[in-house]
1. Round to the nearest 0.05 the FRET efficiency obtained for A78 and E2 when R0 = 30 Å and r is the Cβ-Cβ distance.
2. Give the accessible area for E153 in Å² (nearest 10); use a 1.4 Å probe, count only protein heavy atoms, and leave out ligands, DNA and RNA.
3. Can you give the percent of C-alpha pairs in segment 112-178 whose distance is more than 19 Å?
4. On full extension of the chain, what length is gained from A126 through R170, given 0.36 nm per residue of separation minus the C-alpha to C-alpha distance?
5. Filter the trypsin sites (Lys or Arg not before Pro) in segment 86-178 down to the DSSP loop ones having no more than 13 other Cβ atoms within 10 Å, then list what survives.
6. Under the 0.36 nm per residue contour assumption, what length would be gained going from the current alpha-carbon distance of R33 and K161 to full extension?
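The values are calculated or read from the model by the stated rules, or taken from the named source; none is laboratory data. All figures in this text were calculated on a predicted structure; none of them were measured in a lab. Every residue, glycine as well, gets a Cβ built from its backbone with ideal geometry; the counts of neighbours run over all protein chains shown. Ligands, DNA and RNA are excluded from the accessible area calculation, which covers all protein heavy atoms including side chains. Shrake-Rupley method; radii C 1.70, N 1.55, O 1.52, S 1.80 Å.
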Amino acid sequence: PEQVTQAIDEIGIGFLFAPNFHPAMRYAIGPRRELGVRTVFNLLGPLTNPAGAAAQVLGVYDASLTEVLARRAGPETAGYPIELTAESPTLAPLWTCLLDDLAAGVDRARIAARFHQGLADAIAAAGQHWSRAYDIRQLALSGGVFQNRLLFERVEGTLTKGGLDVLSHRRVPSNDGG
């Protein structure tokens, strides 16, 4: 726990391996390994996160699960701000607003929805910027992050409303499997 706390304090991200941090998951790892196939046990750790995380990056073993988990983000809402600069995105405003919401007791589904929307807004804004800067009318959305259908649909919707042609995977997954 101390190393995770230190990582979060220093870089804003921490990795929690469920069997090491959640007492109940210690008993699930043995049977899960014995089964030899991926099951709901592969999702229980992140879904029962004892840290009470308002936002987390959740890897799944099947792309069809990304939509189910992402849709738990809650209702449409304004996203947290992410400042875009020429060098890189600045996440400090996002974290400040998110932590303020946590302190105010805002529902975690609403916090997750704002996190997703803020990320989608930032990705779309970056795409629009590069489109204008290089006179590009087509943008490809590729990579594992776009297996999150909620995120993909929000970014694609914003870009197409802005007159851009969005290219995406159709026959193979957008992650390393494609």
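1. Working: r = 36 Å, r/R0 = 1.20.
According to the calculation, E is roughly 0.25.
2. 80
3. Details: 684 of 2211 pairs.
Roughly 31 percent, once rounded to a whole number.
4. Values: separation 44, 0.36 × 44 = 15.84 nm, distance 2.31 nm.
Taking 0.36 nm per residue and subtracting the Cα distance, the gain is 13.5 nm.
5. Numbers: sites: R108, R110, R114, R132, R137, R149, R154, K161, R170, R171; in loops: R137, R170, R171.
Taking segment 86-178 and a limit of 13 other Cβ atoms within 10 Å, the loop trypsin sites (Lys or Arg not before Pro) found are R137, R170, R171.
6. 41.4 nm
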